[in-house]
Structure formats: structure tokens, C-alpha cells
Amino acid sequence: MKKLFWILVAALSLAACSPQVYPLYLDVRQPSDAGLTLVGKTASIVYMDGANGVDSLFDRHSASALARALEADYFGGEEVIGLSRIATPDSIGVDLMHTLVMETGGDVIFLLSTSLGEPALGKNEESDVRNCVDSAFLCPVIVPVNTNLYVYDSMGNDEVKKYKGNASIKSKVYNSGMLTEDALKALTLRSLSSEAEVVGERIAHRFESNWSTESFSFYYFDDYSSESWFSALQHAADGHFVKAIQGWEAMVKEGTAMKRACACFNIAQAFYLLGDYSISSRWLDEADKLENLNQSQALRKRLAQHLEK
């Protein structure tokens, strides 16, 4: 009986020192509908001077809305995408994009040009607003919009992709009721800032990330150090991968080779989820140097899909 008792104690001790696998189902960023991703890249939006100042004003508002949407998706809302304006070039190709990359510092260039058509005016009728003579009348209008967007990714193929779009903007313009038709059309074109922002947001949809839910396995230890492991796992489950990495980094130089390998693997997986594939690969190499972990090959395959591109 004594011999069996000590065998059971030894088995339980060994289990406590062995890593456990904790599966997490996480949303993973995928390329946009356009096949582009801004993960690990900088971006700049450049709009061209139109045939008149009205087109340029519309483009500025569209470009600002496009920048905000991409910043919200890729950069946590931080204002990091630069906006600039250039004169309409004679031609748009790779050479121009190389110049814009150098001038703006953006890895990805969005070059925007919009042309507003002549507004179609509806019936100008008295409005419900009575506190201002310039708002006494309200005129429904329809404005055709043609948009050209040129996109260049300096970290991808050396090519310029062009996207064309057209739409009809419906709006209403307050006025005094005493303007000529031409003056009312000019007022309409100057008052389309909110509609321009809608156009920018629509453009952004093509370049915003798609997401898929996938299973990822992380290692942990159910022993005296379990609190630290579970704390890092909780950060990962909440999507706070930087905090999770910081927790596992503290374990890299402590404990057995198995524990250090598991910490390295978890860090590698967290960097993968952050989109830092090269750093993820380096941490996975460190894990493999220490131990042959069962989950390593699955992460290798995931990394290969990105690093080979």
C-alpha cells in the first residue's frame, strides 16, 4: 500500500508540472474586401485639386471621413493617417505613387479624386425655419458624384489599383428664396460636407477588415504559478494582447524549460493575433529551442500563410 501511495503522489506531482491547454475562441482580423490590410503599415490619404474649389472641398471632407474610418478599424481610433492635397497630375502611375510614399511617409497611399455633376433642383418651398431669412425656403436637390480612388501598397505588389464609383446624392438646401437657379446650384455644391463624409465612409467599407472567429490554444500551469498564467490568459481573452504578452514575458526567464517554452509560445501566438508575424515567428523559434510543444506546428502553418506572401 505504501508503494502505491507514493506512485500516486509522484503522478500527481508530474501532472502539476505538465502544461495544460486552454482553448480560446477569438475574432481574427482578415484582409479587407479589396484584399488590402493596414496591419503593420502606415497610410496616407491624398486628394487632388478638382476642376474647381468645390470639388476639392468635397474631397477634403471625404478624405477626412475615410481616414477616421480606417483609423477606427486599424489603429484604435488614434489619428495617425495623414491628409494632404496635390495638384491634379498629368498621369497616375507607379512613379507618382513612389513620390507620394517618399513625401508623405505612408506605406499605403490612397489618392482620391471626386467630380461633382450639376445639381438637379426640386421645388423650392417655404421651410418651417422662421428665425433666419437665409433659411426661409428649402429646396430638394440631387447631385451626381463620380469618384476615382487610386491605391498603392508599397509593401505589396508594385502596382496601382483603381476603384471607380458613382452615386446620386440627395440633399436639401436652405435658402432665402430669392436666389437665381445658378446661385442656388452653387450654394448646393458648397453645402455638401455631411454628404461628402458619407461618401468617404462608404469608400472605407471596401478597405476595412473582415473578421472570423477561430480557436487558439494557449498553455498554462495549474500549480503555485497558476494565478500569473490565468491573469495573462484573461488579458488575451479580453483582446488585450499587449498586456498578456507582458505577463508571459515575466515567465520567460523563470522556471523549467517547459514553462519557459510555453511562455514563449503564448507570446508568439499573441503577436500573431496582433498581426506582427515576423516577431511571432521569432518567439516561436525560441519556444521550439526549449521544448517540442504539441501546438507549435499549428501556429507554424498559420504563420506560413502570411510570411510567404
Among the residues of segment 181-209, the number that are in contact with a helix residue (DSSP H, G or I) (Cβ under 7 Å, 6 or more places away or on another chain) and assigned to a helix (DSSP H, G or I) is 10
*Are any of the residues in segment 162-183 of a type in the set (Asp, Glu), without any contact (Cβ under 8 Å) to a residue 12 or more places away in the chain and more than 30 Å from residue 37 (Cβ to Cβ)?*
yes
Kindly establish whether residue 231 is surrounded by fewer than 17 Cβ atoms within 10 Å (Cβ to Cβ) and in contact with a Gly (Cβ under 7 Å, 6 or more places away or on another chain). yes
Within segment 38-94, the count of residues that are farther than 22 Å from residue 117 by Cβ, surrounded by fewer than 21 Cβ atoms within 10 Å (Cβ to Cβ) and not small (Gly, Ala, Ser) comes to 15
Any residue in segment 104-118 that is under 30 Å from residue 40 (Cβ atoms), among the aromatic types (Phe, Trp, Tyr) and surrounded by 18 or more Cβ atoms within 10 Å (Cβ to Cβ)?
yes
Those residues of segment 33-61 that are polar (S, T, N, Q) and touching an Asp or Glu at 6+ places or on another chain (Cβ under 7 Å) come to a total of 2
When every residue in segment 146-170 that is hydroxyl-bearing (Ser, Thr, Tyr) and farther than 17 Å from residue 96 by Cβ is compared, the one surrounded by the most Cβ atoms within 10 Å (Cβ to Cβ) is 147
query: Quick check: is even one residue across segment 209-225 charged (D, E, K, R), out of contact with any Phe, Trp or Tyr (no Cβ under 8 Å at 6 or more places or on another chain), surrounded by 14 or more Cβ atoms within 10 Å (Cβ to Cβ) and within 30 Å of residue 71 (Cβ to Cβ)?
result: no
Exactly one of 143, 151 is in contact with a helix residue (DSSP H, G or I) (Cβ under 7 Å, 6 or more places away or on another chain) and touching a residue at least 12 places away in the same chain (Cβ under 8 Å), and that one is 143
Every listed condition ((1) out of contact with any strand residue (DSSP E or B) (no Cβ under 7 Å at 6 or more places or on another chain); (2) assigned to a helix (DSSP H, G or I)) holds for residue 64 save (1)
Here the residues within segment 264-279 that are in contact with a strand residue (DSSP E or B) (Cβ under 8 Å, 6 or more places away or on another chain) and closer than 15 Å to residue 229 by Cα are 265, 266, 269
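For (1) within 28 Å of the chain's Cα centre (by Cα); (2) at positive phi; (3) modelled with pLDDT under 95; (4) crowded, with 21+ Cβ neighbours inside 10 Å, each residue gets a yes or a no:
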residue	(1), (2), (3), (4)
256	no, no, yes, no
272	yes, no, yes, yes
275	yes, yes, yes, no
306	yes, no, yes, no
Matching residues in segment 101-125 (touching a residue at least 40 places away in the same chain (Cβ under 8 Å), hydrophobic (A, V, I, L, M, F, W, C) and closer than 21 Å to residue 165 by Cβ) number 6
The correct count of residues that are touching a strand residue (DSSP E or B) at 6+ places or on another chain (Cβ under 9 Å), under 30 Å from residue 43 (Cα atoms) and among the small types (Gly, Ala, Ser) in segment 193-235 is 5
Of the candidates 200, 239, the one satisfying the condition of being loosely packed, with under 15 Cβ neighbours inside 10 Å, under 21 Å from the mean Cα position of the chain (by Cα) and not β-branched (Val, Ile, Thr) is 239
Of all strands (runs of 3 or more DSSP E) fully inside segment 94-180, the set with 1 or more residues that are aliphatic (A, V, I, L, M) and over 30 Å from residue 82 (Cα atoms) is 137-153, 160-175
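The values are calculated or read from the model by the stated rules, or taken from the named source; none is laboratory data. Please read these numbers as outputs of a predicted model, since none were measured by experiment. All Cβ positions, glycine included, derive from the backbone under ideal geometry; neighbour counts span all protein chains shown.
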